[in-house]
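Read the structure below first, then the notes.
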Amino acid sequence: MELIYDSLRTDELRGTTQADYLISLDAHLRLVDGGANVLDEPGFPVVELARSLLAWLVDPERDDFEFDSMSYEERGAISIWKVPARWSIGSVLAPGARTVLADRLDIDECCRRIIARVEADLDALGLDPVEVLRR
């Protein structure tokens, strides 16, 4: 499974606050599992998602993850659910579609890959990833 994106857009960026970066930098996001798209969403706030996933990964008492975005009215544009001893990723934007069950380490690695990609893209834009994602 993989959370991947392309076409990071900066054309909506008007300010330099953390909130500006979180909601103004978006991309075409796909959640892919076994070669099939579980979710295909243009204009997804990938920087805000990376920040939320980063906070979730370091929470020692973490439970299910529901992305609570400033860009969506409903929680769960990306959700990670614990199913007895395994985990799955899905979205309220694609009801009923989920990844196959995976170990927590596989879920963590999927999250870390998209975070690393966002950090690299922020750096390429001349932005400090630590200031944008970890503040």
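The values are calculated or read from the model by the stated rules, or taken from the named source; none is laboratory data. Predicted model, so just to flag it, every value in this text is computed and none were measured. Cβ coordinates were reconstructed from backbone atoms using ideal geometry, including for glycine residues, and neighbour counts include every protein chain displayed. For accessibility, only protein heavy atoms count, side chains too; no ligands or nucleic acids. Shrake-Rupley method; radii C 1.70, N 1.55, O 1.52, S 1.80 Å.
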Inset, instruction - Would you check if there is a residue in the stretch 68-80 being within 22 Å of G34 (Cβ to Cβ), crowded, with 19+ Cβ neighbours inside 10 Å and touching a residue at least 60 places away in the same chain (Cβ under 8 Å)? - result: yes
Inset, instruction - Look through E66, E41, E2, E12 and report the one residue that is within 15 Å of R117 (Cα to Cα) and of a type in the set (D, E, K, R). - result: E2
Inset, instruction - Scan the stretch 108-135 for residues that are open to solvent by 90 Å² or more (accessible area, probe 1.4 Å) and under 15 Å from the mean Cα position of the chain (by Cα) and report the count. - result: 3
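Of the residues V58, V83, V38, which single one is under 19 Å from V130 (Cβ atoms) and either β-branched (V, I, T) or in contact with a strand residue (DSSP E or B) (Cβ under 8 Å, 6 or more places away or on another chain) (or both)? Quick ask: steps written out before the conclusion?
Values: V83 fails: under 19 Å from V130 (Cβ atoms); V38 fails: under 19 Å from V130 (Cβ atoms).
Of V58, V83, V38, the one residue that is under 19 Å from V130 (Cβ atoms) and either β-branched (V, I, T) or in contact with a strand residue (DSSP E or B) (Cβ under 8 Å, 6 or more places away or on another chain) (or both) is V58.
Whether any residue in the stretch 57-67 is assigned to a strand (DSSP E or B), among the acidic types (D, E) and open to solvent by 30 Å² or more (accessible area, probe 1.4 Å) is what I want to check.
To start, the set of residues in the stretch 57-67 that are assigned to a strand (DSSP E or B) comprises 65-66.
Narrowing further to those that are among the acidic types (D, E): 66.
Adding the requirement that they be open to solvent by 30 Å² or more (accessible area, probe 1.4 Å) leaves 66.
Checked against the condition, which is being assigned to a strand (DSSP E or B), among the acidic types (D, E) and open to solvent by 30 Å² or more (accessible area, probe 1.4 Å), the stretch 57-67 yields at least one hit.
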Inset, instruction - Looking only at the stretch 83-94, decide whether some residue is out of contact with any Phe, Trp or Tyr (no Cβ under 6 Å at 6 or more places or on another chain), in a loop (DSSP other than H, G, I, E, B) and within 19 Å of Q18 (Cβ to Cβ). - result: no
Inset, instruction - Among what's in the stretch 11-24 and is within 16 Å of the chain's Cα centre (by Cα) and touching a residue at least 60 places away in the same chain (Cβ under 8 Å), pick the residue that is nearest to I89 (Cα to Cα). - result: L22
Inset, instruction - Output the residue which, of all residues in the stretch 26-55 that are touching a residue at least 60 places away in the same chain (Cβ under 8 Å) and not in a helix (DSSP H, G or I), is most open to solvent (accessible area, probe 1.4 Å). - result: G34
Inset, instruction - Any chance you could count how many residues in the stretch 1-59 are basic (K, R) and within 17 Å of C111 (Cα to Cα)? - result: 2
Legend entry - Answer residue from the stretch 94-107, given it is touching a residue at least 12 places away in the same chain (Cβ under 8 Å) and surrounded by fewer than 17 Cβ atoms within 10 Å (Cβ to Cβ) and is nearest to E41 (Cα to Cα) among those: A94
Legend entry - Checking G15 against (1) open to solvent by less than 80 Å² (accessible area, probe 1.4 Å); (2) in a strand (DSSP E or B); (3) under 21 Å from D121 (Cα atoms), the condition it does not meet: (2)
Inset, instruction - Would you be able to say whether some residue in the stretch 97-120 is part of a loop (DSSP other than H, G, I, E, B) and on the phi > 0 side of the Ramachandran plot? - result: no
